[in-house]
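The values are calculated or read from the model by the stated rules, or taken from the named source; none is laboratory data. Because the structure is a prediction, the values reported are computed rather than measured. Reconstructed Cβ throughout: ideal geometry from the backbone, glycine too, with neighbour counts over all protein chains shown. Surface accessibility is based on the protein's heavy atoms, side chains included, excluding ligands, DNA and RNA. Shrake-Rupley method; radii C 1.70, N 1.55, O 1.52, S 1.80 Å.
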Amino acid sequence: QELADQTFYQRVLVSGRDIFAGTLAGINVTLIGHPFDTLKVRLQTQPRNPPIYNGLVDCAKKTLLWEGPSGFYKGVTPPIIGQIFFRSNMFFSFAEAKRYLSGYGTRKLSLSDYYKAGGFAWFTGTFFEGPIDIVKCQLQGQIIQQKVNPTYKPHFTGTVECAKYIIKKNGFFGLYQGFVPHVIRNVPSGALHLGTFETLRSYFAYSRNCSVKELPSYLIMFSGAVGGTLYWGICFPFDVMKSAIQSDALDKAERRFQGTLDCAVKLYREGGLSRFYRGYTPCMLRAVPANAVMLYTVAIVTDYFPLGLFGY
């Protein structure tokens with residue numbers, strides 16, 4: 001009984017550690033990445049004729065001119081709150097998946113196991129990330145609407161008001177507008193993201209004949225940066241579709257897109273393949289520092305506080 005109690009308390013502590021690691025990672029990635037994300041969403045969702053922004057630099061200049069420095073953090077409240085839940089869930093799921101795939105410590109994880117765990121972690125994370133993203137897209141989309149149509153009156157002015165408006169319009173599941181391209185984006189790209197991070201760490205540890213905990217910080221951050229770059233490199237067209245659908249009208253009768261396939265067809269007609277890479281530059285600029293810091297944060301917390309449960 002004493003051993004069983006000890007194992008139970010260890011599991012609670014380890015789960016708390018994983019959630020804490022994800023929480024810190026969520027805060028860090030938002031503070032670093034949100035300005036780039038703001039520019040990405042605005043470039044992705046602006047009208048084609050006439051466009052408001054003529055590229056990344058112009059978008060940054062106009063954001064600063066029209067809204068001041070705080071404009072780069074427009075809609076930051078839902079991400080920074082939501083990222084705490086999203087990342088804590090995602091990295092908790094990642095750690096649990098690794099423990100499960102290891103037979104709870106009975107075998108060593110293969111490299112493919114890291115990719116499986118990564119895909120699972122990002123899948124569960126989608127349920128937390130979806131509501132964050134639609135609120136963010138709707139808040140940022142109103143800025144564009146006001147520039148296109150000076151008589152436009154916003155339906156909401158803040159995060160909570162926006163979420164309430166969406167639920168009132170379309171019920172709770174209205175917060176998951178754009179869920180299909182979101183899942184398609186997250187699962188394969190998430191597998192590559194976290195799987196590559198762990199693969200590179202393992203490779204560097206093997207080549208230096210040390211444990212991953214003994215790796216220098218720059219190699220851990222490099223592994224995170226590469227994982228993040230690959231994530232966005234393969235999933236970006238689906239991210240464009242996700243943002244387009246999440247920025248679409250909340251009133252179903254006024255929506256431009258009637259689903260993922262319809263969105264893909266209409267976006268292609270609007271600008272060909274290049275339409276699916278609008279906002280790509282700020283996204284990739286964000287991917288390197290944001291993922292380097294995020295995955296470094298998680299690694300530091302989990303590697304230095306293993307708590308002796310199945311080695312994870």
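Numbers below:
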quantity: Relative contact order, percent, segment 121-188 [alpha-carbon distance under 8 Å, six or more residues apart]; calculated: 44 percent
quantity: Solvent-accessible area, 1.4 Å probe, carbon plus sulfur percent, for the chain; calculated: 65 percent
quantity: Calculated FRET value between Lys169 and Tyr277, using beta carbons and R₀ = 35 Å, to 0.05; calculated: 0.70
quantity: Centroid-to-centroid separation of segment 272-286 and segment 104-166 [C-alpha atoms, Å]; calculated: 18 Å
quantity: Convex hull volume per residue in cubic angstrom - Cα atoms of segment 1-138; calculated: 129 Å³
quantity: Residue-normalised accessible area of the chain, given per residue in Å² at a 1.4 Å probe; calculated: 47 Å²
quantity: Kyte-Doolittle at least 0.5, axis length at least 27 Å by Cα - qualifying DSSP helices, the chain; calculated: 217-246, 280-304
quantity: When each of Lys147/Lys242; Lys108/Lys213; Lys40/Lys168 is checked by Cα-Cα distance, pairs over 24 Å; calculated: Lys40/Lys168
